[in-house]
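One structure is given here, and the rest of the page talks about it.
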Amino acid sequence: MAGSFRDPAGGVVLGRDRAYRYFLRGFTEEFSRVTDSGLLPSLIDKGMVVPTAPVPRNGSALYDIAPDVELVVEHPRIPFISYPYEWPFEMLKAAALLHLDVLEAALAAGFTLKDATPYNVQFMGPDPLIIDVASFEAYQPGSPWMGYTQFCRTFLNPLILQSALKIPYQTWLRSSLEGIDPAQLSRLLPLNRKLRKDIFMDVVLQAWLNRKSAASQKQKPKGAASSPPRPIPKEIIVGMIRRLSRFVARMKRPGKNASIWLDYEANAPYEAEALEFKDRFVEAAVSEAAPRVVWDLGCNTGRYSEIAARHTQHVVAMDFDEAVVGAVYERVRERSRNVLPLVIDLMNPSPSQGWGQSERMGLLERGPADFAVCLALVHHLAIAGNVPLPRIAEWLGAHVQSAVVEFVPKNDPMVQTLLRTRPDVFPDYTQAAFEEALKSHFTITSVTQIPKSERVLFLVAGR
Amino acid sequence: MQLYIDATTGGIGIQMLLAAAVGGFVTIKLFWSRLFSSLRRILPGGQRDEIEDAASTEDAVEIK
């Protein structure tokens with residue numbers, strides 16, 4: 001797997017239903033100690049770490065995957081890999097609290113975590129899980145928490161950016177995979193925020209100490225020895241972890257319910273009969289297709305994600321609006337255990353990036369979807385995004401095997417709202433043109449008008 | 001130059017400051033308890049009680 005090259009202890013390869021982590025000679029002892037101590041089995045039982053089991057060596061080709069492979073363990077495959085810059089506030093917060101809980105449990109058992117990055121966390125439905133079991137190592141008394149800075153950059157500072165400054169962090173985190181530098185965040189914070197205890201310590205003081213350290217390094221004569229670091233008692237680290245847990249747990253999304261999309265369902269131009277028809281149609285379509293993975297493109301508050309979730313193994317619910325995706329997460333975390341909500345702007349989806357542009361996968365590399373639910377989406381792409389209908393159909397054809405697609409005609413109030421602030425340069429935006437475009441890439445199974453509405457549902461299947 | 005600077009120095013610095021602050025607190029507490037116990041040994045009974053009272057008040061302040 002492209003992202004696992006950084007670890008000298010081994011790597012990860014993906015099978016169809018399982019993921020395999022291999023450990024090279026000299027790196028298995030640490031892992032065995034974590035397992036034998038009972039720490040790893042206990043964290044797995046509590047659902048905090050991905051289930052892990054050794055693969056017997058007898059004849060397994062997995063042991064030939066690289067020279068010097070000493071141990072291979074297997075995990076269930078995460079249904080859909082996602083990244084922190086695709087998570088809404090609530091999901092990054094859940095991942096941060098999980099990391100701190102696992103670290104505290106590890107310290108209590110005499111271990112620590114080598115790093116503190118949300119890229120070691122994946123979501124199985126709405127549940128965060130630590131997936132990097134090679135991150136555990138023995139705790140050396142007196143050593144500092146080496147992951148603290150990384151924790152601040154990749155978990156804490158993005159959460160502070162959003163909770164204290166009302167700036168969603170996704171775009172920043174997407175272009176800065178190492179997270180948000182405390183000095184940059186500190187410059188943005190107003191004085192009254194900087195003086196709050198936790199922000200002062202984790203952002204302002206850390207930025208100042210980094211600056212002081214850089215300045216003193218410049219002034220130091222060449223070859224001058226550094227004084228040995230002062231040992232840090234374990235209690236200090238545990239105290240920091242507990243303080244950070246309380247700080248993160250207190251953080252709240254600012255301006256909750258601020259997005260207009262949160263009210264879309266209530267304000268949607270549907271009569272109850274039309275809405276019920278649409279629900280039944282989607283339910284029947286997904287149930288008939290029996291797909292393994294469904295993408296709900298433009299999921300809004302997740303109504304159809306939840307309906308689809310009853311008839312498939314996994315639903316990836318995508319929307320560009322961070323606030324609605326946060327609301328979907330809150331909605332599904334208790335009710336639909338197989339829905340993964342993500343902040344994805346289809347006009348500019350996550351790219352392939354990181355080292356060699358292959359460390360973090362772009363959205364389309366994680367497809368194709370067995371089935372897509374595209375309701376009230378096409379008019380946004382075509383009219384707000386200026387994407388011609390044939391290109392939308394082509395895109396769907398390339399990344400989706402079958403789908404239910406809603407076409408909203410030009411006289412619909414929602415399309416009229418979009419056209420109110422822009423000239424109507426969309427003479428080709430017609431149902432007939434869309435049908436023609438879909439025919440180039442799919443077999444159209446049915447074309448159904450929603451009762452008491454002029455909206456149309458296309459059921460399409462790949463050829 | 002920026003490339004040669006370890007980004008974790010600030011984070012480790014905070015941990016060292018906390019360790020120093022806790023260490024200092026423990027040292028001061030130890031100093032007071034030793035001072036009171038030596039005074040207790042030197043002074044006669046009545047004054048000893050006053051010192052003990054003062055010591056327990058001092059502890060209460062620290063606990064707060």
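Based solely on C-alpha atoms, express the radius of gyration and the Dmax of the range A:50-161 in angstrom.
Values for the range A:50-161 (Cα only, Rg and Dmax): 15.9, 51 Å.
For chain A, which whole percent of the accessible surface, found with a 1.4 angstrom probe, sits on carbon and sulfur atoms?
In chain A, the share of accessible area belonging to carbon and sulfur is 53 percent.
Just tell me how shielded A:209-218 is by partners: mean number of partner chain Cβ atoms within 10 Å of each residue's Cβ, no decimals.
Values: counts 8, 8, 3, 3, 8, 8, 1, 1, 5, 3.
Per residue, the average neighbour count from other chains is 5.
For a test of the definition: using alpha carbon positions, the gyration tensor, and the 1.5 limit on a/c, classify the range A:405-463 as rounded, prolate or oblate.
oblate
What per residue convex hull volume, in Å³, do the alpha-carbon atoms of the range A:265-342 yield? Show your work: numbers first, answer last.
On the way: hull volume 6.5 nm³, N = 78.
Enclosed volume per residue, from the Cα hull, is 84 Å³.
Averaged across the residues of A:201-208, what count of C-beta atoms belonging to other chains lies within 10 Å of each residue's C-beta?
Neighbouring Cβ atoms belonging to other protein chains average 3 per residue here.
Helix-only estimate, please: 222 nm mean residue ellipticity of chain A, summing -39500 (n - 2.57) across DSSP H runs of length 4 or more and dividing by its residues, to the nearest 500.
Calculated mean residue ellipticity at 222 nm is -10500 deg cm²/dmol.
Please state, to two decimals, what the Cα-based radius of gyration of the range A:84-215 comes to when divided by 2.2 N^0.38 Å (N = residues).
So the Cα radius of gyration is 1.07 times the expected 2.2 N^0.38 Å.
Given a Förster distance of 51 angstrom, what is the FRET efficiency for A:Lys218 paired with A:Ser287, based on the Cβ-Cβ distance and rounded to 0.05?
Calculated transfer efficiency: 0.15.
Sort the following peptides by mean Cβ neighbour count (other Cβ atoms within 10 Å, averaged over residues), highest first: A:129-139, A:276-286.
Numbers: A:129-139: 21.0, A:276-286: 18.0.
Highest-to-lowest ranking by the protection proxy: A:129-139, A:276-286.
Determine the order of B:Trp32, A:Trp87 by accessible area, beginning with the largest, at a probe radius of 1.4 Å.
B:Trp32, A:Trp87
Using the Cα atoms of chain A to build a convex hull, what is its mean projected area in square nanometres?
26.3
Provide, in order from the shortest bin, the percent of all Cα-Cα pairs of the range A:1-99 in each 10 Å bin, continuing until the bin that contains the maximum pair distance.
Pair shares across the bins are 13, 40, 36, 10, 1.
At a probe of 1.4 Å, how much accessible area disappears from chains A and B on forming the pair, both sides counted, to the nearest 100 Å²?
1700
Tell me, what is the percent relative contact order of chain A, built from C-alpha pairs under 8 Å that lie six or more residues apart?
Working: 752 pairs, mean separation 56.3, N = 463.
Here the relative contact order equals 12 percent.
Work out the mean other chain Cβ neighbour count within 10 Å for the residues of A:238-246 and drop it here as an integer.
Mean inter-chain Cβ contacts per residue within 10 Å come to 1.
Pairs to check: A:Lys114/A:Lys234; A:Lys114/B:Lys29; A:Lys278/A:Lys439; A:Lys197/A:Lys220; A:Lys212/B:Lys29. Give those whose C-alpha atoms are more than 26 Å from each other in this structure.
Distance filter (> 26 Å) returns A:Lys114/B:Lys29; A:Lys197/A:Lys220; A:Lys212/B:Lys29.
The values are calculated or read from the model by the stated rules, or taken from the named source; none is laboratory data. What you see is a predicted model, and the numbers here were worked out from it, not measured in a lab. Using ideal geometry, Cβ is built from the backbone for each residue, glycine included, and neighbour counts are taken over all protein chains shown. Accessible surface is based on the protein model in full, side chains and every heavy atom, while ligands, DNA and RNA are left aside. Shrake-Rupley method; radii C 1.70, N 1.55, O 1.52, S 1.80 Å.
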